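Trainee: This is the structure I have questions about; it appears just below.
Read-outs throughout are calculated quantities, based only on the coordinates presented, and are distinct from any laboratory measurement. All values reported here derive from a predicted model rather than from experimental measurement. Please note: Cβ atoms are built from the backbone with ideal geometry, for glycine as well, and neighbour counts cover all protein chains shown.
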Amino acid sequence: MKATATCSRKRQTGILLLLLLSAAAKAQSLNDSLQEVKVKSYRAVSPTEILLQHNTGRIQPFDSTTLDLYKSNSVATLIAEQSPVFIKSYGFNSLSTLSFRGASAAQSTVLWNGVPVNNAALGVADLSLLPVFFSDKISIAYGGSSALLGSGNVGGALLLDSDVPGFVKGYKTGTVSAAAGSFGQKTIAANLQANDTKTGKWQMGMRMLGQQANNDFSFKDETGHWQKMTNSRQAAGHLLVSVARQLKQGSLSLHAWAQKAEREIPPALFEQTSRKQQTDEVLRLTADWRQGSNSLKLAYIKEGINYSDKAIRLYSNAVTHRIFVSETWRTRWDKHQLLLTVPLQLDWMAGRGNSQHSLAAAAFYLYKNQRWQFSVQSRAGWYQEKLAVTPGAGATLQIKKWLSTYLSVQRSFRQPTLNELYYQPGGNAALKPEEGWSGEAGYRLNINKENWQLEQEGTGFIRSIQNWIIWYGGAIWTPHNIASVLSRGAESSTALHWQHQNIKATLQVQTAYVLSTTRKSENPLDGSIGRQLPYVPRYNYRINARVGWQDWLLSGYWNYTGYRFTTSDESAYLEPYDLTGITLTWQTLLFHKKWNFGLSCHNLGQTSYEVVAYRPMPGRMWQLSAGLKFL
Amino acid sequence: MRLSFYQTIGWLLLLGLIACKKDKPNAPEPVLPESPHGVLVACEGSLGFGNAALTFFQEGQDPIPDVYKNANGSTIGDVLQSVTQIGNRLFLCVNNSDKVLVIGAEDFKLQASISISKPRYILPVSDTRAYVSTLFSNRIFEINPATATVTDTLLLPVQNPEGMLLRGDEVFVCGWDTASQLLYVLNTHTNTISRTITLAGKAPQAVVCDGEGMLWVLSGNNASGIPATWSRINPVSGELLAAYYFPETADPIRPAMNPAGDTLYWISVNQYGGVSNNGIYRMPVIAGSLPETPFIQAIAWQYFWALAIDPATGYIYTGDPKGFTQKGSVQIYRQDGTLQSSFETGVGPGHIYFQ
């Protein structure tokens, strides 16, 4: 066994040396591998674009280099390794959800091209099923933006966006890539995009991704014995077809994203075996028409979750539908901007007759000069015939050329989900919406000196939510409005860049400190008052480093996730863990084509850890990838 | 003092690492009881969380939240449904971990583990035979407690064999199946169904015996819309002696008989935050109708999940699971319904035993 491990280690070292030697032999630089965000200037005519361009709170966009590094991974892996946002992962092949600043998964919104893609029944999005490869831009908007993004945006939002089509005559590009790694992981992906050669007014694109994995990693059980994960195979396929047409005035973009994932659900440590399986099938269709200052968005989403546990003969098939329509109009005069949007959303569950609808009208006003930026926004939403108004305001002051500060307040609102209201057994149709206020203040600095650059952002936040929905129960779980929760904390992000000739280096430190405690409860016997919410780590640290030289890029991360309580009274907890990872990529010309190769290792330190209790996570994982740009 | 550019960078990098609150929680020391005689509380834990526990309590001492973990260094598993003492060993049905753990009744050390799918309750028949009821199947397993092995499998015509009661050489079995209105009677010599008894309501779940030797069978499945009923049965003739019909919203569970066998107790659960049909009820076995008000009223947002009557004192022990998201508690009431004392338990106290 030891000999095999040594042999394997020698092979891995050999591959690394081979790659390093090839680098030395090659002098020609193909492109700048540390090139940051792909900048495409366009007029923001949707709430998410306004949020990205003018939000007073904290926004974390991931640069194209980072997205390239994670193109074979899920969005869950990207967020967990490159941001201080806590990803609650139930292990391989299981649910991975967002937790922003102590908010629940249902209080976080995931938007794809401005359309909410949280499951209509559950109210959460499974990030393990969203591949990085299917988005051109990925950003995190910290803090609630209920006025712009609507119900459910309490803790923050994850924004997945496609590039705005560029109508260039005869433009075409095509890439294909493949990756293979530990535990039988295989990924193959392709991206094709072409404009017509006569006028350039038509653009067609297609992305495909296929994944397969055994995920049969070894882990230590409670008694310290090594076990091999069973019932853990997974296969998934994604297809995204995009068509865009430049009109006389404006453009029309159509996207169709179909995905299917079949996964076995491995046993938890307290289970002897598992015969659980889940099939997820999702179809997302969007149409986006833009003309000058107008934007009309139409979307339809059908999502089916087919779950079975043959051990107890349990079979369920939950199919949900969503129709989303949004008209947005924007104008600007002098230093003023005004955006009006009217979104309509209708969600329903097939077969059960349960539905939910909302109609809202929101306005966003912005004044901006060289020193100040003020914004006021408000949304009036009718959720199941009940009116909810969510106002907000923000200000940014450019104190010095290198230093700015900001302050914002926002009312938050979340309508209970279809499952919370109607799930049988356990749904509670009498649930009230979660409501509250949040505020944040922070500063940004950007100092340049010679070949050094320092960027830092520090943010403090506070949020109070009433009617917090919490699930209680033994055999049957029922949601209740029982708690008032106060969340507060601080986040920081510090990035230090250095450049010398053709060497670029970046060191980034991100931290998050979150106190999210129950403040009040309807139950006088509740032991959770003043206690940290379950699965909200108080401390998260992320350190990322990158060095780029010519066509080589070496990047690594070290993450620390603090203690997480597993009960609401802090009586049980999970140990903290730290993870390290490293990736080496190389781009080269072979046969007159651009190639890229990558070798990455996640959990380099072979840490035994659980994000959620009794769901072991994998140890060291290697991945080798190759990509070809053939067009 | 003016900081240089590089000093500024250093201080700012350190800024984010400043800790504000001690992160490491205080972990209690693992202790074991000096004497094994006390109260055992089977704490289910939250379904799917794997945090079942066996709480031990002795009057005048601090409760031990999980005596199993302290004795063995590992956790019980997911959903500790019941504990049965056979000889000097305890048999723990760990429902969602598909196993029956066998531990010493005095040192709580693990001696054996029996693989059984979704075990619920164990009924000892002799020193070498015991029946194990199961959920999500129609199987009753026969085990040999001495060797901790499965020796036979009995099949019922209905799903979810649940509560069982031994009387002579017959075992009365409730099949908690929403389509079933029968009580099955097994012959312990042949391991076959010898007869059936028709009940007043569907989905029988538990059976107890009163001081007159009559059986009380609790039926119903509130979540599936099957209203609850009590059936008082003559175990010899199978005659239905009395029937009591609960309101549709009532969800009675955990029946218990007082030591004299003349008063029946049960919990009515309201999981929706209200106080109606929520608390501990009791009724004389000769009563003509169900009590309208609880003997011990649960407050809003509270409900009880465990109930037992101390055979020595007659005190009533109730378990409050507090939503199964935190430590639960056990309250000890006197016979007049006044609170004597209480103690903390693990998550989801579901059954209470006296040893």
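Trainee: Counting only Cα atoms, I'd like the Rg/Rh figure for the protein assembly as shown, Kirkwood definition for Rh.
Mentor: On the Cα set of the protein assembly as shown, Rg over Rh gives 1.01.
Trainee: Hand me the trypsin sites (Lys or Arg not before Pro) from region A:290-385 located in a DSSP loop with no more than 13 other Cβ atoms within 10 Å, in residue order please. Write down the numbers at each step before the final one.
Mentor: Details: sites: A:Arg290, A:Lys297, A:Lys302, A:Lys310, A:Arg313, A:Arg322, A:Arg330, A:Arg332, A:Lys335, A:Arg352, A:Lys368, A:Arg371, A:Arg379; in loops: A:Arg313, A:Lys335, A:Arg352, A:Arg371.
Counting only loop positions with at most 13 other Cβ atoms within 10 Å, the trypsin sites (Lys or Arg not before Pro) in region A:290-385 are A:Arg313, A:Lys335, A:Arg371.
Trainee: Now for a separate question. Using the membrane-span-like helix rule (whole DSSP H runs, Cα extent along the own axis of at least 18 Å, mean Kyte-Doolittle hydropathy at least -0.5), which helices of chain A qualify?
Mentor: Working: long enough: A:2-25 (35 Å, 0.60).
Answer set is A:2-25.
Trainee: Quick one: length gained pulling A:Lys172 to A:Trp402 fully straight, 0.36 nm per residue minus the C-alpha distance?
Mentor: Working: separation 230, 0.36 × 230 = 82.80 nm, distance 3.99 nm.
Net length gain for the segment: 78.8 nm.
Trainee: Tell me, what HN-Hα J-couplings in whole Hz come from the Karplus equation 6.51 cos²θ - 1.76 cosθ + 1.60 at θ = phi - 60° for each residue of region A:205-215, using x for Gly and Pro?
Mentor: The phi angles translate into x, 8, 10, 9, 8, x, 9, 8, 7, 8, 6 Hz.
Trainee: Here is a follow-up. Tell me which lysines have Cα within less than 23 Å of A:Lys449's Cα, excluding those fewer than 8 residues away on the same chain?
Mentor: Result set, ordered by chain and number: A:Lys400, A:Lys401, A:Lys504.
Trainee: At 7 Å along Cα-to-Cβ for each site, give me the label-to-label distance between A:Ile476 and B:Phe136 in nm.
Mentor: Going from the A:Ile476 label point to the B:Phe136 one covers 1.9 nm.
Trainee: Work out how much length A:Leu554 to A:Met204 would gain on full extension: take 0.36 nm times their residue separation and subtract the Cα-Cα distance, in nm to one decimal.
Mentor: Numbers: separation 350, 0.36 × 350 = 126.00 nm, distance 3.39 nm.
So the extension gain works out to 122.6 nm.
Trainee: Which lysines have a Cα less than 19 Å from the Cα of B:Lys109, not counting those fewer than 8 places away in the same chain?
Mentor: The qualifying lysines are B:Lys69, B:Lys99.
Trainee: Let me ask something else about it. If you rank B:His351, A:His497 by fewest surrounding Cβ atoms within 10 Å, what's the result?
Mentor: Working: B:His351 22, A:His497 18.
If I rank by nearby Cβ atoms, fewest first, I get A:His497, B:His351.
Trainee: A further question follows. Evaluate the distance, in nm, between pseudo-label points positioned 7 Å from the Cα of A:Asn294 and of B:Thr190 along their respective Cα→Cβ axes.
Mentor: Distance between the two pseudo-spin positions: 8.4 nm.
Trainee: Another question, if that's okay. For region A:112-183, which trypsin sites (Lys or Arg not before Pro) pass both filters: DSSP loop (anything but H, G, I, E, B) and at most 13 other C-beta atoms within 10 Å? Write down the numbers at each step before the final one.
Mentor: On the way: sites: A:Lys137, A:Lys169, A:Lys172; in loops: A:Lys169.
Sparse-neighbourhood loop trypsin sites (Lys or Arg not before Pro): A:Lys169.
Trainee: Let me ask you something else. If you line up the long axis of helix B:5-15 against the longest principal axis of chain B, both from Cα atoms, how many degrees apart are they, to the nearest 10?
Mentor: 20 degrees
Trainee: Continuing with this model, one more query. Loop only by DSSP, 10 or fewer other Cβ within 10 Å of the Cβ. Give me the chymotrypsin sites (Phe, Trp or Tyr not before Pro) in region A:557-631 that pass, ordered by residue number. If you can, show how the numbers build up before the last one.
Mentor: Details: sites: A:Tyr557, A:Trp558, A:Tyr560, A:Tyr563, A:Phe565, A:Tyr573, A:Tyr577, A:Trp586, A:Phe591, A:Trp595, A:Phe597, A:Tyr609, A:Tyr614, A:Trp622, A:Phe630; in loops: A:Tyr563, A:Phe591, A:Tyr609, A:Tyr614, A:Phe630.
Here the chymotrypsin sites (Phe, Trp or Tyr not before Pro) that fit, given the DSSP loop and packing criteria, are A:Phe591.
Trainee: Still on this structure, I have one more. For the pair A:Arg275 and A:Thr223, what calculated FRET efficiency results from E = 1/(1 + (r/R0)^6), where r is the Cβ-Cβ distance and R0 = 22 Å, to the nearest 0.05? All intermediate terms of the calculation are to be shown ahead of the outcome.
Mentor: Working: r = 24 Å, r/R0 = 1.07.
That pair, A:Thr223 with A:Arg275, gives E of 0.40.
Trainee: For an R0 of 22 angstrom, estimate the FRET efficiency from the Cβ-Cβ distance between A:Ile582 and A:Ala180 and round to the nearest 0.05. Before the final figure, lay out each step's value.
Mentor: Numbers: r = 18 Å, r/R0 = 0.80.
With a Förster radius of 22 Å, E is 0.80.
Trainee: Stretched out fully, how many nm does the piece from A:Asn369 to A:Arg332 gain, at 0.36 nm a residue minus the Cα gap?
Mentor: Gain on extension, A:Asn369 to A:Arg332, equals 12.0 nm.
Trainee: How far apart, in nm, are the 7 Å Cα→Cβ label points at A:Thr230 and B:Glu292?
Mentor: My value for the distance between the label points is 5.7 nm.
Trainee: Going Cα to Cα from B:Lys322, which lysines come in below 19 Å? Please leave out same-chain ones fewer than 8 positions away.
Mentor: Those lysines meeting the cut-off are A:Lys520.
Trainee: Sort out for me the Cα centre separation of region A:376-430 from region B:72-146, rounded to whole Å.
Mentor: Region A:376-430 and region B:72-146 have Cα centres separated by 50 Å.
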